[in-house]
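Written out below as structure tokens is the structure these notes cover.
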Amino acid sequence: MRIATTVLFFAVLVLAQSAASETTLTWWQFWTDPTIRPVIASMVEEFEQANPDIKVELTDLTWSNGHEKIAIAFASGSGPDIVELGSDWIAQFAANNRLADISPDVAEELKEYDGWSMATYDDKIYGQPWILGTRVLFWNQDLLDRADLRDGFLPISWAHLDTASHRITDLGRDIYGWGSNTAEKHRLYKKFMPFFWSAGARVYTDSGGFCIVSSEPAVRALRFYKRLHDDCGYVANQRGIEDAFLDGKIGFIISGDWLLKRIEQEGHSLNFRTILIPGETQTEFKIGGRSFMGGEFLTINAASENKEAALKFVKFITSPENQLRFCKANKSANPSSKTAQSNDYFQNDPNLKTFIAQLNHAVHPPVDPDWVFIESELEKAVESVLFENAGPGAALLDARINIAKLKEK
């Protein structure tokens, strides 16, 4: 009896020591779609099997209130060890000392991934690039054919896009050359900014000290965008534009890789093509167009007591193999890993390949803690031009003045 009691005592002691040595990581993330959520869970399980001393508690967030939950958790000191952040949010939390500086831990990986600049604030890196995002130009080839734009016509400049959009619109009732977004928050400016950047416009001077959103190139870009909207635009929210495009009513729209996923999953037989965002001007040897770039990053809470384990998990999730696995499951086309980008899965599909190529010709907004407010001013300017008939120059000047006032506070 005494021997049995002794054995039981030591068994309990070993279990207690094992539990005490086990690390539990908390990870908050946004991928809840039924096609990808099981893959996320499977990756977590595989990591735990390879690292039996580490457990990962997974919490799902939504885009409608996720930012607010993260901000409240960080402010209260109860935030997760690891949190997925959109690129626009990194500067805000880094400036408030909520994120761990991982610069020394990723120094040898900088050439292996795209997107580091979006996670860099005050010359420190606060997030590991995971899945990036950009947008390309989709077009309906049948409508181009009906408009007599055959023989290898490619909309590689604003002039080409303008001509083709007008000729498609001239085909008749319920046919539009261009899909133009309504005043949809967080979306409208992302459709205008490719034209803004393609014209050579910038938000700030090189030193970042002076806002120049009302520069002549910026005004030129907004004037052209308004021309497409007024003359050729089917105006709706993003989903409405995509629905009309899939119904064969629109010649050109700017969209992301999620549209490729819709086309495949819903079985559309649309005769469509994808191409890089057209430049203001175009030559044989220069790609002038620039698209919008954003991304999802894995960041570590500055207050976490498990930073070493958290970093290990972050590197596992963002490895080239797991990025490829994620993209295949989610039908997405923008891994941050350059090794993943070179995989035949992307390179042998002409539309996925377009997105990979666009990553090299995309621009992200300034890494600025106030970006969400700056973004709002830009959207107000575009809205006033498109829907209130304001002049492009006056609208962008108002935006510049308001942004300057914001930065002076």
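The values are calculated or read from the model by the stated rules, or taken from the named source; none is laboratory data. All figures in this text were calculated on a predicted structure; none of them were measured in a lab. Neighbour counts run over all protein chains shown; Cβ positions are idealised from the backbone, glycine included.
Some points to look at:
- Take the conditions (1) loosely packed, with under 10 Cβ neighbours inside 10 Å; (2) at pLDDT below 95; residue 6 misses just one of them, which is (1).
- Only listed residue being modelled with pLDDT of 95 or more and either touching an Asp or Glu at 6+ places or on another chain (Cβ under 8 Å) or surrounded by 22 or more Cβ atoms within 10 Å (Cβ to Cβ) (or both), chosen from 397, 352, 406: 352
- Test set (1) surrounded by 23 or more Cβ atoms within 10 Å (Cβ to Cβ); (2) over 20 Å from residue 129 (Cα atoms); (3) at pLDDT below 95; (4) out of contact with any Pro (no Cβ under 8 Å at 6 or more places or on another chain) - residue 333 fails condition number: (2)
- Any pair with Cβ under 9 angstrom, 6 or more apart, that starts in the stretch 129-151 at a residue that is in the same structural domain as residue 197 (by TED's automatic domain parsing) and without any contact (Cβ under 8 Å) to a residue 24 or more places away in the chain and ends at one that is part of a helix (DSSP H, G or I) and among the basic types (Lys, Arg): 148/167; 149/167
- Considering the stretch 232-296, the qualifying strands (runs of 3 or more DSSP E), each wholly inside and each with 1 or more residues that are closer than 21 Å to residue 145 by Cβ, basic (Lys, Arg) and within 22 Å of the chain's Cα centre (by Cα), run over 272-275.
- Residue in the stretch 314-329 that is assigned to a helix (DSSP H, G or I), touching a residue at least 60 places away in the same chain (Cβ under 8 Å), of a type in the set (Gly, Ala, Ser) and under 19 Å from residue 209 (Cα atoms) present: no
- Qualifying residue in the stretch 388-404 (condition: in contact with a helix residue (DSSP H, G or I) (Cβ under 7 Å, 6 or more places away or on another chain) and part of a loop (DSSP other than H, G, I, E, B)): yes
- Residues in the stretch 95-107 that are on the phi < 0 side of the Ramachandran plot and either in contact (Cβ under 8 Å) with a residue 40 or more places away in the chain or part of a loop (DSSP other than H, G, I, E, B) (or both): 95, 96, 98, 99, 100, 101, 102, 105, 106.
- Residues that are more than 16 Å from residue 129 (Cβ to Cβ), of a type in the set (Gly, Ala, Ser) and surrounded by fewer than 19 Cβ atoms within 10 Å (Cβ to Cβ) are absent from the stretch 305-326 altogether.
- Condition check for residue 68: modelled with pLDDT of 95 or more and assigned by TED's automatic domain parsing to the domain that holds residue 321: no
- Of all residue pairs spaced 6 or more apart or on separate chains, those with beta-carbon atoms under 9 Å, a first member in the stretch 200-219 that is more than 19 Å from residue 375 (Cβ to Cβ) and a second member that is part of a loop (DSSP other than H, G, I, E, B) and polar (S, T, N, Q) are 200/215.
- Set side by side, the residues 91, 73 differ, and just one is part of a helix (DSSP H, G or I), within 21 Å of residue 309 (Cα to Cα) and not β-branched (Val, Ile, Thr), which is 73.
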